[in-house]
Structures are given as C-alpha cells and as structure tokens.
Amino acid sequence: MVPKFRAYIKDLDEFEYNDVPHKGHFVYGNLIKGEPNDDVDAIVGNLIEINDEYVNVEWWQSIEKGSAEQSTGLKDANGKEIYEGDILAWHSSICRKHNWVGVVLYRGAGFAVQESDRSYSSPEWLECACRKDANIIEVIGNIHEDKDLLEENWRQTNE
C-alpha cells in the first residue's frame, strides 16, 4: 500500500490560487518533506515526469512542517477512510449510542486511538475494530474542525 496523506489548510483562498484539488479544508495526496531546517513540507499530486534535472508533479500545496496526516489504510463502518487526526466513535452492537470517543494518532508501532487524556488503544485493537465483520468504528469528525467533540467527551470521562 502506498501511504496517502492529507493536510488541513485553514485559508481556502490558497486552493483557488493554486487550483489544488481539495475536499473542504483538506488537500489529499503524496507527502514531500522539506529540508530539516525548512518550516514547510508539501502535499503533491501524481508524478508527471522525472529525470536527472527535475521532478514535475500535477500540482502541489505547501503545508506547515509536520502537519501532514497519514491514512491508516483502514475504513470505518460507513466505508470512510480513517486518517491520523480523525475523531472516532465506538458503538456497542446493542445500540448506536457512542460508548467512547477518541482521536487517531501514530504511536511508533502503528496507529492507535487516544480514548482520553491518558488512555490509548493498541494498534491491533484499531485494526480489529475496523474489520468488516466487526466494524464498530465511525469517523465523527477531525481535530481541526471538531475538537470540541473530544474535549466534551474527555471532560465527562474525568468527572
């Protein structure tokens, strides 16, 4: 699987200026990391041409260094691809009420869900929860546009 990435772009005018394909505030594509001392990376479209002198891509969008979010390669119960930074809800098989809410993070050995301000799932749990025969995960938002979903849930967990 080729890793897919996305980045959140706050100012939608940036997309209109560059004719970058996007979905809402997100641009999806391949990641090019800038030099370690640079403060930017880039999300780019497919490769058009490459030779010893240059690389040509369909389009590119500069992003803040380190802000790219990688796809987990997993899908939620509705078939939506899950990325780092997505807010997930786990549903019981008995009812569709949210049993908990958490955010997807990369934790060194794989993708995990941070279920509260101190609790994490294992990468194996997330993969198991997304299997077609047991899919109990739903993407309900992301940390850029729906952070209040996390804060509200975590506040309730700690009360």
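The values are calculated or read from the model by the stated rules, or taken from the named source; none is laboratory data. Computed from a predicted model, the values in this text were never measured in an experiment. Positions of Cβ are generated from backbone atoms using ideal geometry, with glycine treated the same way; all protein chains shown enter the neighbour counts. With ligands, DNA and RNA removed, areas are computed over all heavy atoms of the protein, side chains included. Shrake-Rupley method; radii C 1.70, N 1.55, O 1.52, S 1.80 Å.
Restricting attention to the range 1-84, which GluC sites (Glu not before Pro) occupy a DSSP loop and are surrounded by at most 14 other Cβ atoms within 10 Å?
Counting only loop positions with at most 14 other Cβ atoms within 10 Å, the GluC sites (Glu not before Pro) in the range 1-84 are Glu53, Glu58.
How much length is gained if the chain between Tyr17 and Gln70 is pulled fully straight, taking 0.36 nm per residue apart and subtracting their Cα-Cα distance, in nm to one decimal?
Between Tyr17 and Gln70, full extension yields 16.6 nm more.
Give the relative contact order (percent, whole number) for the chain; include only Cα pairs under 8 Å separated by 6+ residues.
Dividing the mean separation by the residue count of the chain yields 17 percent.
Taking Cα atoms of the chain, Rg/Rh with Kirkwood Rh, to two decimals?
1.02
In terms of modelled amide H atoms, which long-range or inter-chain residues lie less than 5 Å from the amide H of Ile63?
Amide H to amide H, under 5 Å and 5 or more residues apart or across chains, Ile63 pairs with Asp41, Ala42, Ile43.
For a Förster distance of 22 Å, can you work out the FRET efficiency between the beta-carbons of Arg107 and Asp38, rounded to the nearest 0.05?
Numbers: r = 26 Å, r/R0 = 1.18.
The calculated FRET efficiency here is 0.25.
Whole-Hz ³J(HN,Hα) for each residue in the range 57-62, computed from phi via Karplus 6.51 cos²θ - 1.76 cosθ + 1.60 with θ = phi - 60°, x for glycine and proline: what do you get?
After applying 6.51 cos²θ - 1.76 cosθ + 1.60, I find 10, 4, 7, 8, 9, 6 Hz.
Which trypsin sites (Lys or Arg not before Pro) in the range 1-62 sit in a loop by DSSP (not H, G, I, E or B) and have at most 15 other Cβ atoms within 10 Å of their own Cβ? Could you put the intermediate results ahead of the total?
Values: sites: Lys4, Arg6, Lys10, Lys23, Lys33; in loops: Lys4, Lys10, Lys33.
Listed in order of number, the matching sites are Lys10, Lys33.
Could you sort Glu138, Glu145, Glu127 by accessible area so the largest value comes first, with the probe set to 1.4 Å?
Descending order: Glu127, Glu145, Glu138.
Below 25 Å Cα-Cα, how many Lys pairs turn up in the chain? Only count pairs eight or more apart in sequence, or on different chains, if you could.
Summing the qualifying lysine pairs gives 27.
Tell me the per residue accessible area of the chain using a 1.4 Å probe; a whole number in Å² is fine.
Accessible area per residue, the chain: 63 Å².
Quick one: pull the percent of accessible area on the chain belonging to carbon and sulfur, 1.4 Å probe, ligands and nucleic acids left out.
Of the solvent-accessible surface of the chain, carbon and sulfur hold 48 percent.
Order Trp90, Trp59 by their accessible area, 1.4 angstrom probe, all chains in place, largest first.
Trp90, Trp59
Which far-off residues, 5 or more places away or on another chain, put their amide H under 5 Å from the one on His144, with H placed in the peptide plane?
none
Can you classify the range 1-42 as rounded, prolate or oblate using the Cα gyration tensor, where a ≥ b ≥ c are the square roots of its eigenvalues, rounded means a/c under 1.5, and otherwise it's prolate if a/b beats b/c and oblate if not?
Details: a/c = 2.32, a/b = 1.26, b/c = 1.84.
Here the range 1-42 falls in the oblate category.
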